[in-house]
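Report on the following structure.
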Amino acid sequence: MIRLAVDGGQSALRLRVVGDGRTGTGPGYTHSSSVQGMLDAIRAAADDAGVTESVELVALGLTGFPPDPRIAHLLAEGVAKTLAAKEVRLTQDMVTAHAGALPEGYGVVVAAGTGLVCLAVDRDGSWHKIDGHGYLFGDAGSAFAIGRAGLVAVQRARDGRGPDTLLAETSLDPVSLYLSPTLVDDVARFAPDVLRCAADGDAVARDIVVRAAGDVAETIATAVRLTAGSGQVPVACIGGLFRGSGEQLFGPLREALPPRADLVAAAGNCLDGAERLATGPPGPYADLIVTYRS
């Protein structure tokens with residue numbers, strides 16, 4: 001029997017067979033996706049990885065984790081049936097992000113890709129979630145937020161309402177995205193263009209990135225403030241946005257961080273965190289995990 005680790009987000013879902021290196025990818029999903037849509041993405045990733053064996057345990061960290069406990073248990077049960085798994089450990093992607101980035105289980109982790117969520121875990125195991133409220137009501141500083149601001153700048157420049165910007169050289173018609181079934185992901189995919197134009201000296205793009213860095217810094221500052229004590233708190237930033245941003249984002253982010261925030265390199269990613277939860281005790285995350293045994 002095998003163990004599986006799963007990291008599911010809005011852009012893609014990734015699966016790893018613990019110990020033998022097999023990996024698979026399934027489609028991403030949004031906060032409004034159905035339980036069946038999530039299960040289909042998990043099944044696709046398992047098929048992509050060539051999983052045919054019975055599963056002893058699978059740990060999943062998912063964007064769009066159901067806030068209703070009843071739905072969360074139904075999803076965990078569905079995962080068990082989909083993968084023929086004896087045990088399912090289901091949690092939010094912020095938990096697997098934290099477990100992967102800070103193995104000691106203490107500190108603040110910001111996970112930013114299409115969306116953005118932050119988790120602070122104190123030394124006594126208490127925890128605080130900051131943001132992660134989705135593209136309509138939160139996810140400040142995320143790739144979606146940067147991409148949307150960039151596309152707004154494109155339209156303003158083309159209308160003559162805003163300043164000229166390199167962003168407007170894109171062949172993309174932002175209005176056409178309204179009809180896309182993957183609107184959120186499509187908008188987020190414009191964030192690299194914004195970062196590239198900022199690196200090329202475009203003032204409009206640079207302002208967007210600096211404002212995003214300020215939003216991320218505000219989230220981190222809140223998390224650090226909620227952490228007990230007066231000493232420094234380790235802060236790790238993980239996810240696709242940070243991997244592709246370089247100093248365009250990290251430079252202004254460092255300048256805006258409070259003194260107690262100690263920016264450290266992440267030890268691993270969300271999938272590494274899911275593997276940790278698949279192979280060891282839940283530790284400080286016990287209250288954040290839904291467990292189902294068949």
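Under the condition of being more than 25 Å from Gly246 (Cα to Cα) and either in a helix (DSSP H, G or I) or open to solvent by 80 Å² or more (accessible area, probe 1.4 Å) (or both), the residues counted in segment 172-197 number 8.
Strands (runs of 3 or more DSSP E) fully within segment 2-100 that include at least 1 residues being closer than 24 Å to Asp287 by Cα: 2-8, 12-17, 55-62, 85-92.
Can you confirm whether Thr227 is touching a Leu at 6+ places or on another chain (Cβ under 8 Å) and in contact (Cβ under 8 Å) with a residue 24 or more places away in the chain? Please lay out each step first, then the result.
Details: touching a Leu at 6+ places or on another chain (Cβ under 8 Å): no; in contact (Cβ under 8 Å) with a residue 24 or more places away in the chain: yes.
No, not satisfied.
Note on segment 144-201: among residues that are acidic (Asp, Glu) and more than 20 Å from Val117 (Cα to Cα), the one that is farthest from the chain's Cα centre (by Cα) is Asp159. Residues that are over 19 Å from the mean Cα position of the chain (by Cα) and buried (at least 17 other Cβ atoms within 10 Å of the Cβ) within segment 78-105 comprise Gly78, Val79, Ala80, Thr82, Leu83, Ala85, Glu87, Val88, listed in sequence order.
When Ala5, Ala72, Ala46, Ala41 are screened for being within 24 Å of Gly240 (Cα to Cα), among the aliphatic types (A, V, I, L, M) and either surrounded by fewer than 21 Cβ atoms within 10 Å (Cβ to Cβ) or at pLDDT 95 or above (or both), only Ala5 passes. Among residues of segment 65-86 that are acidic (Asp, Glu), those with a Cβ under 9 angstrom from a residue that is at pLDDT below 95 and in a strand (DSSP E or B), sequence gap 6+ or separate chain, pair up as Glu77/Tyr292.
Does Phe242 meet the test of being aromatic (Phe, Trp, Tyr) and within 16 Å of the chain's Cα centre (by Cα)? In short, yes. Residues that are touching a helix residue (DSSP H, G or I) at 6+ places or on another chain (Cβ under 9 Å) and surrounded by fewer than 19 Cβ atoms within 10 Å (Cβ to Cβ) within segment 128-137 comprise His128, Lys129, listed in sequence order. The listed residues are Arg156, Arg123, and the only one of them that is surrounded by fewer than 21 Cβ atoms within 10 Å (Cβ to Cβ) and not in a helix (DSSP H, G or I) turns out to be Arg123.
Taking segment 223-239 only, how many residues are more than 22 Å from the chain's Cα centre (by Cα) and small (Gly, Ala, Ser)? Residues flagged as more than 22 Å from the chain's Cα centre (by Cα) and small (Gly, Ala, Ser) within segment 223-239 amount to 4.
The values are calculated or read from the model by the stated rules, or taken from the named source; none is laboratory data. None of these values were measured; they are calculated from a predicted model. Don't worry about glycine lacking a Cβ; one is built from the backbone with ideal geometry, like all the others, and counts go over all protein chains shown. Accessible surface areas use protein heavy atoms only, side chains included; no ligands, DNA or RNA. Shrake-Rupley method; radii C 1.70, N 1.55, O 1.52, S 1.80 Å.
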